1. Considering A:Leu174, A:Leu220, A:Leu178, A:Leu192, which residue is within 16 Å of ligand 1 (Cβ to nearest atom) and modelled with pLDDT of 95 or more?
2. Determine if region B:76-97 includes at least one residue that is within 11 Å of chain A (Cβ to nearest Cβ), more than 14 Å from ligand 2 (Cβ to nearest atom) and assigned to a loop (DSSP other than H, G, I, E, B).
3. Output the residues belonging to region B:58-75 that are in contact with a strand residue (DSSP E or B) (Cβ under 6 Å, 6 or more places away or on another chain) and either assigned to a strand (DSSP E or B) or under 20 Å from B:Ala25 (Cα atoms) (or both).
4. Among the residues of region A:81-110 satisfying the criterion of being part of a loop (DSSP other than H, G, I, E, B) and open to solvent by 10 Å² or more (accessible area, probe 1.4 Å), which is nearest to B:Glu103 (Cα to Cα)?
5. Test each condition in (1) over 30 Å from B:Pro263 (Cβ atoms); (2) without any contact (Cβ under 8 Å) to a residue 60 or more places away in the chain; (3) within 14 Å of chain B (Cβ to nearest Cβ) for A:Gly152 and report the one that comes out false.
6. State whether the residues of region A:123-139 include one that is buried (at least 20 other Cβ atoms within 10 Å of the Cβ), more than 12 Å from every other protein chain (Cβ to nearest Cβ), within 11 Å of ligand 2 (Cβ to nearest atom) and under 19 Å from A:Val206 (Cα atoms).
7. Specify which of the listed residues (A:Ala176, A:Ala182) is touching a residue at least 60 places away in the same chain (Cβ under 8 Å), in contact with a strand residue (DSSP E or B) (Cβ under 7 Å, 6 or more places away or on another chain) and buried (at least 16 other Cβ atoms within 10 Å of the Cβ).
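The values are calculated or read from the model by the stated rules, or taken from the named source; none is laboratory data. No experiment lies behind these values; they were computed from the predicted model shown. In this analysis, Cβ positions are derived from the backbone assuming ideal geometry, glycine residues included, and neighbour counts consider all displayed protein chains. We work out accessible area using only protein heavy atoms, side chains counted, and drop any ligands, DNA or RNA first. Shrake-Rupley method; radii C 1.70, N 1.55, O 1.52, S 1.80 Å.
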Amino acid sequence: MKIAVCIKQVPDTEARLRVAKDGRWIDEEDLPFAINESDEVALEAALQIAEKQGGEVIAFSLGPERVREALRKALALGASRAVHLRHEGFAGGDAIATGRALAAAIRREECDLVLTGSQSDDNGFGATGTVVAGILDWPHAWLVMGIEVEEGARALKVTREMESGLSEIFRVTLPAVLEVQAGLNHPRYASLKGIMSAKKKEIAEVSPGDLGLADSEVGLAGSRLEVLSVAFPEAAAGAQILTGDGAAAELISKLKNEARVI
Amino acid sequence: MAKVCAVLQQREGKIHRMAWETVAAAQQLAALSGEKASAVVLGSGIAALAGEVAALDLDSVRVIDHPLLADYTPGGYVAALAGWMALDAPSTVLFPHTYQTVEYMPRLALASGAGIIPEGLSFVAEGGEVIWKRPILEGKMHARVRARGTGPVLVSLQSGAFSADSRKAGQASVSAAEIDMQSATPWREILGVQQMGGETVDLTKAEIIVAIGRGIGGADKLGPVEELARLLKADIGASRPVIDSGWLPRDRQIGSSGQTVSPKLYMAFGISGAIQHLVGMKGSSCIVAINKDAGAPIFKIANYGIVGDLHEVIPAMVAALKQA
Ligand SMILES: Cc1cc2nc3c(=O)[nH]c(=O)nc-3n(C[C@H](O)[C@H](O)[C@H](O)COP(=O)(O)OP(=O)(O)OC[C@H]3O[C@@H](n4cnc5c(N)ncnc54)[C@H](O)[C@@H]3O)c2cc1C
Ligand SMILES: Nc1ncnc2c1ncn2[C@@H]1O[C@H](COP(=O)(O)O)[C@@H](O)[C@H]1O
């Protein structure tokens, strides 16, 4: 089976965020980046399927130069090749523009299955994988918590998370796009051997033109959603913040005597 | 002609709680241009719902009733709503930001030539344009966004962003929308629904919950938390990453995919306060947050907070409780 995995590089969850000078996005200077959490889970799922069924895993990422590091990591973990959608024209895309570009790159590889994360930790559209599916005209599912390849590898049994702890089970035929949710598996760590062999693997760079896309179809130019500005939420009246060495004891006393909840 | 429309999510003939929030938002958005909003409801055998929806201050309510819509499938919903959009030509369609909406809305956008704005929190009119606010970076920041270009826009609304109680009652005309579903493919064959990980712990009746997040750092760090919970006669709950990492079983998860709780005291240790967690606990009477990051969103809904390392704060709380 040939499996495509979409990997986005996002600010590390622990990163200190600052607003960029122009106010339109966060300042990326010195910002630590990591692979989006659910994308790492998607990669792990792809590797497990390929190991069982035979086949290969190809990692796709759209982003600036720094994204190479994320793709390198995917290669170290076991992907056989990587495709880097790298061009200024791709920048600032919404889920539709980004999904369109990824779909065009994936189409060239004739994959049987596409795995993506369910939601990026920065934009949080929860939509890019669905757009990929829509453009390829393949079945898809969002918030996937279980994947079972059926006999003959023509269809998958998929478990999708629903609200309040329920899940739905259904069958989809291949080719398909599945957007996986964190918790589906525990991603592996890269081995030294993996890291060494990743250095020899190919990262192909592609531009909109290579994908047969016009500049007006990708990035901000190809997007309907435009970010005007970003900001930290206004400080709410919010919490009574207790400080100092005695904070814990003071908290216990306030819960007893002020809030009367313990 | 009203061009703002709310999609009312229903399941087995019952309107979803968040659909009323969607109606309220649609009414407010339409009012910006002095118009009335409309609504559309889809399913199979849902004639009885029409009456309930007709008692709202809306221009019209469209009912799409088709056997292919008996169970939700993305293919069925996209075909039905794309057909309806071609018929009624709405300019803005509002949805509740449920797992169901998120799954099919982008595909409906492609099918109808629309743009999408996921997870709207609020809107303002500025210079003849509607500017939406939406969360980014897991709720740590907000972005102000607009829809550029032409064509309809689909916006999903975060749970609780608009108050259901603010919806206006009235009288709407109800009519069926006949959609050609010939070419609809459901894209999936539904086999069943199940409880994830078998719910055995019921946190909904807990009076005090000590909840831990990723900040706890590992299953081996649970000892002091358990001691604190024992002293307070509290139940232990957790955010999703704690469950996903296998540090606690799935039936301890609180949030949109887990349990919804409203104890008299909720203590959050090392939980950042992402919306998917907040929706499961914001009804608690007293909320305490302990987090080393003063900017963590959890402090916005907390009554008491300590900015500090939970590995120091928890033992100090245990000591204080033992002393008392
Ligand atoms: C569709 C969907 C459904 C979801 N459902 C749920 C759900 O049901 N429930 C849920 O909880 N989440 C859910 N999530 C995940 C949610 O978006 C967040 O990712 C999650 O809630 C974050 O958990 P957290 O706060 O524990 O971790 P993080 O966001 O990583 O926060 C960890 C916090 O710990 C603090 N910290 C670290 N070390 C220390 C220390 N030593 N002392 C004090 N503080 C420390 C950090 O400052 C940080 O604020 C869902 C996501 C999606 C996309
Ligand atoms: N720039 C990108 N490069 C590669 N994959 C992406 C990119 N943006 C989004 N994705 C994929 O789409 C998923 C959903 O992202 P989003 O729609 O932004 O929430 C992510 O988890 C990734 O798998």
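1. The conditions single out A:Leu178.
2. no
3. Scanning region B:58-75 gives B:Leu58, B:Asp59, B:Ser60, B:Val61, B:Arg62, B:Val63, B:Ile64.
4. A:Gly93
5. Among (1) over 30 Å from B:Pro263 (Cβ atoms); (2) without any contact (Cβ under 8 Å) to a residue 60 or more places away in the chain; (3) within 14 Å of chain B (Cβ to nearest Cβ), A:Gly152 violates only (3).
6. No: zero hits.
7. Only one candidate passes the filter, namely A:Ala176.
Matching residues to (1) among the acidic types (Asp, Glu); (2) closer than 28 Å to A:Leu77 by Cβ; (3) within 14 Å of chain B (Cβ to nearest Cβ):
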{"position": "A:Met162", "(1), (2), (3)": "no, no, yes"}
{"position": "A:Phe170", "(1), (2), (3)": "no, no, yes"}
{"position": "A:Ala182", "(1), (2), (3)": "no, yes, yes"}
{"position": "A:His186", "(1), (2), (3)": "no, yes, yes"}
{"position": "A:Val206", "(1), (2), (3)": "no, yes, no"}
